[in-house]
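*Asks:* Provided herewith is a single structure, encoded as structure tokens, for subsequent inquiry.
The values are calculated or read from the model by the stated rules, or taken from the named source; none is laboratory data. This structure is a prediction, so every number in the text was calculated from the model and none was measured. Cβ atoms come from the backbone with ideal geometry, glycine included; neighbour counts cover every protein chain shown. Quick note on the areas: whole protein, heavy atoms, side chains included, nothing else; ligands and nucleic acids left out. Shrake-Rupley method; radii C 1.70, N 1.55, O 1.52, S 1.80 Å.
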Amino acid sequence: MALDTRKGVWKTGKGKGRHTPKGRQLDDVAWEQVKALLGDRPRRRDLLIEFLHLVQDQFGCLSAAHLRALAEEMRMSQAEVYEVATFYAHFDVVKEGEPVPPALTIRVCDSLSCELAGAQQLQAALTDGMDPAKVRVVRAPCMGRCDTAPVVELGHNHVDHATLTKVAAAIAAGDTHAHVPDYQAFAAYAATGGYDTLKSLRATGDWAAVQDTVLASGLRGLGGAGFPSGKKWGFVRGNAGPRYLAVNGDEGEPGTFKDRYHLERTPHLFLEGMLIAAWAVAAETCFIYMRDEYPAVLEILRREIRALEDAGIVAAGYIDLRRGAGAYICGEESAMIESIEGKRGIPRHRPPFVAQVGIFGRPTLVHNVETLLWVARVCREGPEVLNAAEKNGRRGLRSYSVSGRVAQPGVYLLPAGSTILDVIAAAGGMAAGHVFKAYQPGGPSSGLLPASIHDVPLDFDTLQPLGTFIGSAAVVVLSDKDRARDAALNMLRFFEDESCGQCTPCRVGCEKAVKLMQAKTWDRPLLDDLCTAMADASICGLGQAAPNPIKLVMQHFSDEI
């Protein structure tokens, strides 16, 4: 009997045998398109999210046919590919028979700073004024541009201080691509002695001595955890290799934009710090996980990593740049590692800790962008560059992201002992017509403090007695024209949307909290019980810290609830 040469036929012979596998059938056209997109890239499981981005960017969505083809090409189950694609907010999965998204998507940031600046009204006006067949208007969580609120993302172009007029002009001009700002490129950085420290350490350096220098500077993790940075090196180095380094660039805490600020100006200061840390722990690969909301930063890093490879400072492929896909939870280090491995960004149970079992099950050093920037400066200029600053009994410097009702929102480098009044003064004081009422000291996870608590240094360990913490130093200032309960509701809506859903206390707790907080009068006993359950039983920091806005509003702004 002659073999059946029809495409897609996998079984021959007499009887009632199937001509096709069960389930969704492979479309040959879609398969060829996927193979062309992937080119000669290795079909590794950990590259799944990168490949999903390729398809989304090329076709504007992820069709069922393309997901099936990608699963075939990567020898993965369709279920695995589908669950990853639907986990991340920036992937548009379209099933058979469903309409594809319009060619243009407008994302309107609805974080606290943007809401204070009128984001809700702007989104409503954009929705009413656009043809839904041509333009899709959706809400989006913080884009890391709180200093220019309200912000709209038009394709990959961010419109700062957005208005209907500005958005319409950008659409008319077809301005939907990222704008890369002027920054210090490799040649300019190298001309000022850049990478000399790294080269010297690679030649004759002692990693333990460098670790001692970093410890002496007092540098602590500036992503929010505050763990002494140098100590991590010893933990990772003490485990057998291969070892990896992962940079947490998923700066998703609403109100935080300091990492973007630095990367859009001095990317090589960060890159040298990263390579010094990688040298210290003998890392085989450096993974940079950068949030998708920073397209200009991603382009800068692509250019400058190539420059490092061309200059022979790193081998090709030693720095592996990974692009997030819109998931706040991936700012949690183990969720970030899951995402780097091409999976859903779901936090891991600990122990074991990532210093022992991290990327691909190997010891992994995880640092924040700003932390590595300081590693480079400390190694170049000595620990005094950081620990010489002293104020209110605190040592060190902090980059405060300041937004809200201040005259000049932005990033301000101040002594770590600065109070909220110092931070507001650095930002030009309160905005005209506004009186200081409350503030968010470290993103929504830190809740809200009243203006009466204005003499406490905004630093590690100083805010814990008040039931809060400094976190990533994302300071949002509220005025007498704002209600604390509305701000807290904005924060809980964010947590509800961004919960990964793995654990019941967080998944159900955030949803229940939002419903209770919308009542005219809050049910305090029930909210107290809910906050306790979430804080005690949630797997990761999202669910554990989500109750803070509720608890602090009930404590300090009881007249509003």
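*Asks:* As an exercise, use a Förster radius of 22 Å and the Cβ-Cβ distance of residue 104 and residue 179 to find the FRET efficiency, rounded to the nearest 0.05.
*Replies:* 0.85
*Asks:* Are there trypsin sites (Lys or Arg not before Pro) in the range 73-113 that DSSP marks as loop and that have at most 12 other Cβ atoms within 10 Å, and which are they? Don't skip to the end; give the middle numbers.
*Replies:* Values: sites: 75, 95, 107; in loops: 75, 95.
Of the trypsin sites (Lys or Arg not before Pro), the ones in loops of the range 73-113 whose Cβ has at most 12 other Cβ atoms within 10 Å are 75, 95.
*Asks:* So, with +1 on the Cβ of K and R and -1 on the Cβ of D and E, and no other charges, what is the size of the charge dipole of the range 105-230 about its Cα centre, to the nearest 20 debye?
*Replies:* Details: 9 positive and 12 negative charges, 41 e Å.
So the dipole magnitude of the range 105-230 works out to roughly 200 debye.
*Asks:* Would you tell me the accessible area of residue 286, worked out with a 1.4 angstrom probe on the heavy atoms of the protein chains, in Å² to the nearest 10?
*Replies:* Near enough 0 Å² of accessible area.
*Asks:* Hey, with R₀ at 56 Å, roughly what FRET efficiency would residue 310 and residue 524 work out to, going by the Cβ-Cβ distance, to 0.05?
*Replies:* Values: r = 62 Å, r/R0 = 1.10.
According to the calculation, E is roughly 0.35.
*Asks:* Which length gain, in nm to one decimal place, applies between residue 318 and residue 385 when the Cα-Cα distance is subtracted from 0.36 nm times their residue separation?
*Replies:* Working it through step by step, the gained length comes to 21.2 nm.
*Asks:* Can you tell me the length gained on complete extension of the stretch residue 36 to residue 165, counting 0.36 nm per residue apart and subtracting the Cα distance?
*Replies:* The residue 36-residue 165 span can extend by a further 42.4 nm.
*Asks:* Work out the charge dipole of the chain with +1 on the Cβ of Lys and Arg and -1 on the Cβ of Asp and Glu about the Cα centre, then indicate which of 249, 67, 224 is farthest towards its positive end.
*Replies:* 67
*Asks:* Would you please state the base-10 log of I(q)/I(0) at q = 0.23, 0.25 1/Å for the range 116-179, with intensities from the Debye formula using one equal scatterer on every alpha carbon?
*Replies:* Summing over Cα pairs of the range 116-179 leads to -1.04, -1.24.
*Asks:* Summarise the accessible area of the range 456-561 (1.4 Å probe, protein heavy atoms) by the percent that is carbon and sulfur.
*Replies:* Numbers: 2070 of 4230 Å².
Here carbon and sulfur together make up 49 percent of the probe-accessible area.
*Asks:* Give or take rounding to whole Å, what are the principal axis extents of the alpha carbon atoms in the range 307-413, in descending order?
*Replies:* Taking the Cα atoms of the range 307-413, the three principal extents are 43, 40, 29 Å.
*Asks:* If you average the alpha carbon positions of the range 276-304 and of the range 308-382, how far apart do those two centres end up, in angstrom?
*Replies:* Result: 8 Å between the Cα centres.
*Asks:* Could you work out what % of the accessible surface of the range 9-98 is carbon and sulfur, using a 1.4 angstrom probe and leaving DNA, RNA and ligands out of the count? Before the final figure, lay out the partial values.
*Replies:* Working: 2510 of 4950 Å².
That share works out to 51 percent.
*Asks:* How far apart, in nm, are two points set 7 Å out from the Cα along the Cα-to-Cβ line at residue 45 and at residue 225?
*Replies:* Label at residue 45, label at residue 225, 2.4 nm between them.
*Asks:* Full extension from residue 360 to residue 299: what is 0.36 nm times the residue separation minus their Cα-Cα distance, to one decimal in nm?
*Replies:* 19.3 nm
*Asks:* Hey, another quick one. Evaluate E = 1/(1 + (r/R0)^6) for residue 504 and residue 466, where r is the Cβ-Cβ distance and R0 equals 25 Å; express this FRET efficiency to the nearest 0.05.
*Replies:* Details: r = 29 Å, r/R0 = 1.16.
Once rounded, the FRET efficiency stands at 0.30.
*Asks:* Rank 369, 354, 240 by how far each Cα sits towards the positive end of the charge dipole of the chain (+1 on Lys, Arg Cβ; -1 on Asp, Glu Cβ) and give me just the farthest.
*Replies:* Looking along the dipole axis, the top candidate is 240.
*Asks:* Kirkwood hydrodynamic radius for the range 31-75: how many Å is it when counted over pairs of different Cα atoms? Let's see the in-between values first.
*Replies:* Values: mean 1/r = 0.0974 Å⁻¹.
Roughly 10.3 Å, rounded to one decimal.
*Asks:* To the nearest 10 square angstrom, what accessible area does residue 49 show with a 1.4 Å probe?
*Replies:* Looks like 10 Å² after rounding.
*Asks:* Over 10 Å intervals from 0, what percent of Cα-Cα pairs in the chain sits in each interval?
*Replies:* Result returned by the calculation: 3, 17, 26, 27, 17, 7, 2, 1, 0.
*Asks:* Which part of the range 431-448 falls in the paramagnetic zone of residue 481, meaning amide N under 11 Å from the point 7 Å along Cα-to-beta-carbon?
*Replies:* Of the residues in the range 431-448, 431-435 have backbone N under 11 Å from the label point off residue 481.
*Asks:* Right, another one. What do you get for trypsin sites (Lys or Arg not before Pro) in the range 113-209 restricted to DSSP loop and a cutoff of at most 10 other Cβ within 10 Å of the site's Cβ?
*Replies:* 134
*Asks:* How big is the convex hull of the Cα atoms of the range 343-385, per residue, in Å³?
*Replies:* Considering the Cα atoms of the range 343-385, their hull volume per residue is 110 Å³.
*Asks:* Given 166/481; 437/481; 343/515; 481/515, which pairs have Cα atoms separated by over 20 Å?
*Replies:* Result: 166/481; 343/515; 481/515 exceed 20 Å.
*Asks:* Please give the per residue accessible area of the chain, computed with a probe of 1.4 Å over protein heavy atoms only, in Å².
*Replies:* 41
*Asks:* Sort out for me the Cα centre separation of the range 101-155 from the range 476-552, rounded to whole Å.
*Replies:* Cα centroid to Cα centroid, the span is 24 Å.
*Asks:* Next question, about the same structure. Tell me the accessible surface of residue 558 in square angstrom (1.4 angstrom probe, heavy atoms of protein chains only), to the nearest ten.
*Replies:* Residue 558 exposes around 60 Å² with every protein chain in place.
*Asks:* Are there any trypsin sites (Lys or Arg not before Pro) in the range 494-526 that are in a DSSP loop and have at most 11 other Cβ atoms within 10 Å? List them by number.
*Replies:* 520
*Asks:* Related question: Report, to two decimal places, the Cα Rg of the range 203-320 normalised by 2.2 N^0.38 Å (N = number of residues).
*Replies:* Computed over Cα atoms of the range 203-320, the ratio equals 1.09.
*Asks:* Give me the percent relative contact order of the chain, please, defined on Cα pairs under 8 angstrom at least 6 residues apart.
*Replies:* So the answer I get is 12 percent.
*Asks:* Write out the cysteines belonging to the chain for which the nearest other cysteine Cβ is not under 4.7 Å, or none if no such cysteine exists.
*Replies:* That list is 61, 142, 146, 286, 330, 379, 500, 503, 506, 510, 531, 540.
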